[in-house]
Every structure is written in structure tokens, then in C-alpha cells.
1. Restricting to region 174-215, what's the tally of residues that are near the ligand (Cβ under 9 Å from one of its atoms), farther than 12 Å from Gly247 by Cβ and β-branched (Val, Ile, Thr)?
2. Determine whether Glu330 is surrounded by fewer than 23 Cβ atoms within 10 Å (Cβ to Cβ) and on the phi < 0 side of the Ramachandran plot.
3. Just to check your reading of the model, which residue among Leu238, Leu307, Leu302, Leu285 is over 28 Å from Glu194 (Cβ atoms) and touching a strand residue (DSSP E or B) at 6+ places or on another chain (Cβ under 8 Å)?
4. Mind listing whichever residues of region 216-270 are among the charged types (D, E, K, R) and more than 12 Å from the ligand (Cβ to nearest atom)?
5. Hey, can you tell me all the residues within region 308-363 that are over 20 Å from Gln143 (Cβ atoms) and within 13 Å of the ligand (Cβ to nearest atom)?
6. Would you check which residues across region 30-51 are without any contact (Cβ under 8 Å) to a residue 24 or more places away in the chain and within 22 Å of the chain's Cα centre (by Cα) and list them?
7. Do any helices (runs of 4 or more DSSP H) entirely within region 300-350 hold 1 or more residues that are of a type outside the set (Ser, Thr, Tyr) and under 20 Å from Cys42 (Cα atoms), and if so, which?
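Read-outs: derived from the displayed coordinates by stated rules, not from any lab. Owing to the predicted nature of the structure, the values given are computational and were not obtained by experimental measurement. Neighbour counts are summed over all protein chains in view; Cβ atoms, including those assigned to glycine, are modelled from backbone coordinates with ideal geometry.
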Amino acid sequence: MDSFIRNAGLGDILEKIQHDERLSIEDGTRLFKSQDLLAVGCLANIVRERKNGNNAYFIYNQHINYSNICTNLCKFCAFGKDKDSDLAYEMSVDEVRAKVRERLSEPITEIHMVGGIHPDLPYSYYTDLLKVIKEERPDVHIQAFTCVEIAHLAEISGLGTAGVLENLKEAGLGSIPGGGAEVFSPRIRQLTCEKKLSGQGWLEVAKTAHELDLHTNATMLYGHIESIEERLEHLDMLRQAQDETGGFLAFIPLAFHPKNTELSKLSKTSGIDDLKNIAVARCFLDNFPHIKAYWVMIGQKLSQIALSFGADDVDGTVKEEIITHMAGAETEQAMSREQLLRLIKEAGRTPIERDTLYNVINSY
Ligand code: V47
């Protein structure tokens, strides 16, 4: 295998990975630009195995998108809608309670809840959401509100970032999902999501959360108008932040889905790029414990292959995914535990059902 990687011109990077040395931005760029996907995958597989052995994680979770009303209206997003749009929706606190009740018979351990940046819902709505979920399912871990939503809540509550995080934690928040990071580059934000919280702002919220013992995830939305250099800049900013706090759990590359967005003329991502984003992230983000292949975005089959290209996690049962499906995802809306087990086992990995913080619930 070593000679195969050397023949691909990546021998120096192999040496670094074998010695657990940090890759430079230039190394990362070369990996992205390499034509030899298998060589890049082999490198990532070395790192994956060192960090996670033969384990591949999944979670029994439920997604709730409480509202799609959004003032940011990012060009890559098909989910967010203006308040006056016919497609706009907003769940009442009782409707969210009903969503949770619908699935009380299932062994759900995590509720993943995000929404748009709503122009006029009061701060109490958000704390009430957390409280009713906890009333219905006291043991569930609530992973909710992206760093972009947290910045908005800090503003409308007047509590500031640390204050609002403390307050949400008291109301039941367990951790923060990785959405809203997009690509940190100011050029990309200017062109695709100029109203959104800046990349620096996103990182500040994440780091403040970590200081308060709230773990977060991180994402990167790739495959639209960003350059390879901008992807590396994004990964480098995440790696630096993780050096400072150690609070990120997982990195999830998100494959851009163009349908029904203002960027609908762009193509879907290729399988090669999907696997490369996972593999390069695994090699470059040496301080991130987990890399997730999100089956909703890249499909069940490619997620299975991704378990040999650096990923050690396939997310979970999900159920009722809206954000990617509004943008044309053709994947299922949910997977059962049995389907996840089969996907992982057939990839030659040991399926580990985990909770949000990667504590083992069951090993199969
Ligand atoms: O924040 C928006 C992205 C995110 C599109 O933390 C799009 O474990 C693709 O962040 N095509 C939401 N992506 C999803 C997300 C997530 C999902 C699963 C697990 C975790 C985690 C996080 O989806 C948004 C945005 O960055 N997005 N529009 C689109 N057209």
C-alpha cells in the first residue's frame, strides 16, 4: 500500500501521517487536487483506524425543524422562506410537543432541532421548545440551534452569547449542531449568504459554547462556488479553534444540493468530490475525534464506502429530514436501526450505537 501511495506522488504526506504529524494547508490542497482518490482514501483510512479502530458509530435520533421562516435567505438554501411566502411554516410549541409524542415508543436518544432566523418569535418560544421536549422525554439529549441561531438568540434575549448559552442549557439544551458554518471565507459569504453571521462570529459562538462545557459539531457546505483554497482555509480555522478549546465532536462535510435554490444552475456534487471531502477532512483535522458521512446528503451507498475513506460515523435514523429534501435530495427520509446496522456491517466495521456525546449505548 505504501508504494501505491508513493506512486501517486503522496509519499511525503504518507510519512507525515505515519508519524502523526500535522498536515500543512499545502498538503491539504495537494490531497484535494490529487487525481488518485484511492491513495487519498488510504491515507484517510490510516487516520480513521488510529482514532476509531474498527468502530463505526450511529445514533437513534429524530430531527425537528420548528420553522423555515428566515431573514437570511441564503442563495444555497431551499429551506428558508420569507415570512409572507406560501411555503412558510412555523410550529407552535404544542405542535413540537406533538411531534415528540408521536415517537415516544421509539428508543430515541437525541432530538436534533434547528430552524431559520425568525424575524419575530420571542426568546421565550425557544426556551419553551426545550422545556416541552424535556417534559415529554426527560432523558433525551437535545442538540439544537446552530451557532447562527444562538447568535440571533443572544441578540433578541439581550443576554449575550455566554448568557444565552447558560440560559438555554438550564432549559435543557445538551449540545449544538454543526450547521450554519457554510464556508467561512468572507468572499463566499458575501456572494451566497451576506446577511448571515460571519465565519468569525460562528467560531466565536462555538468557542464560547465549549468554554461552558457545551460540545458542538462543525460542518462545511461544499460543491458550489468555493475554491479548494477556501475549503482549506475553512478547515484550518476549525483546526485552530479545536486546538484552543477541544470542544468539537464531529466534522460533517455537507454536499451542496442545488434544486430549488438560487444556485440551481450549478451541478450536484460528484461521488469523487463527496469522498474526497471526507478523506481530506480526516487527514487534515487531526484534532477532531469523528468525521461523519451524513447519509441524507451523500446517499446510503456512498456513506457505506465513506467508512473506508475516513468516516467513522453515519449519523442516524434522522426521520423527517426537510432541509436537504427541499433542495432535491433523493435519499430516504429515515433509516431504521436494522438498515444502519446492515450498512455498517457490510462495510466491515463494528456498528456502535452511541449517544450524542459518543458514549456507547450498544455494540453489535
Ligand atoms: O446549516 C443548507 C446546509 C445545514 C443546503 O451537527 C445545505 O451533526 C446542502 O447542519 N444543500 C443543516 N446543504 C444540516 C446540518 C447537519 C445535518 C446533520 C447533522 C449535523 C450535525 C448537522 O445544511 C445548514 C446548511 O449549512 N444546507 N442548504 C443545500 N441546498
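1. 0
2. yes
3. Numbers: Leu238 fails: over 28 Å from Glu194 (Cβ atoms); Leu302 fails: touching a strand residue (DSSP E or B) at 6+ places or on another chain (Cβ under 8 Å); Leu285 fails: over 28 Å from Glu194 (Cβ atoms).
Step by step, each of Leu238, Leu307, Leu302, Leu285 is checked, and only Leu307 is over 28 Å from Glu194 (Cβ atoms) and touching a strand residue (DSSP E or B) at 6+ places or on another chain (Cβ under 8 Å).
4. Hits for region 216-270 are Glu226, Glu229, Glu230, Arg231, Glu233, Asp236, Arg239, Asp243, Glu244, Lys265.
5. Met326, Ala327, Gly328, Ala329, Glu330, Thr331
6. Listed by number, the list holds a single entry, Glu49.
7. Working: elements: 300-306, 323-326, 337-346.
Of the helices (runs of 4 or more DSSP H) lying wholly inside region 300-350, those with at least 1 residues that are of a type outside the set (Ser, Thr, Tyr) and under 20 Å from Cys42 (Cα atoms) span 300-306, 337-346.
Residue-by-condition table, conditions (1) surrounded by 21 or more Cβ atoms within 10 Å (Cβ to Cβ); (2) of a type outside the set (D, E, K, R); (3) at negative phi:
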{"site": "Ala44", "(1), (2), (3)": "yes, yes, yes"}
{"site": "Asn72", "(1), (2), (3)": "no, yes, yes"}
{"site": "Ser92", "(1), (2), (3)": "no, yes, yes"}
{"site": "Glu95", "(1), (2), (3)": "no, no, yes"}
{"site": "Glu110", "(1), (2), (3)": "yes, no, yes"}
{"site": "Ser124", "(1), (2), (3)": "no, yes, yes"}
{"site": "Asp128", "(1), (2), (3)": "no, no, yes"}
{"site": "Lys131", "(1), (2), (3)": "no, no, yes"}
{"site": "Glu136", "(1), (2), (3)": "no, no, yes"}
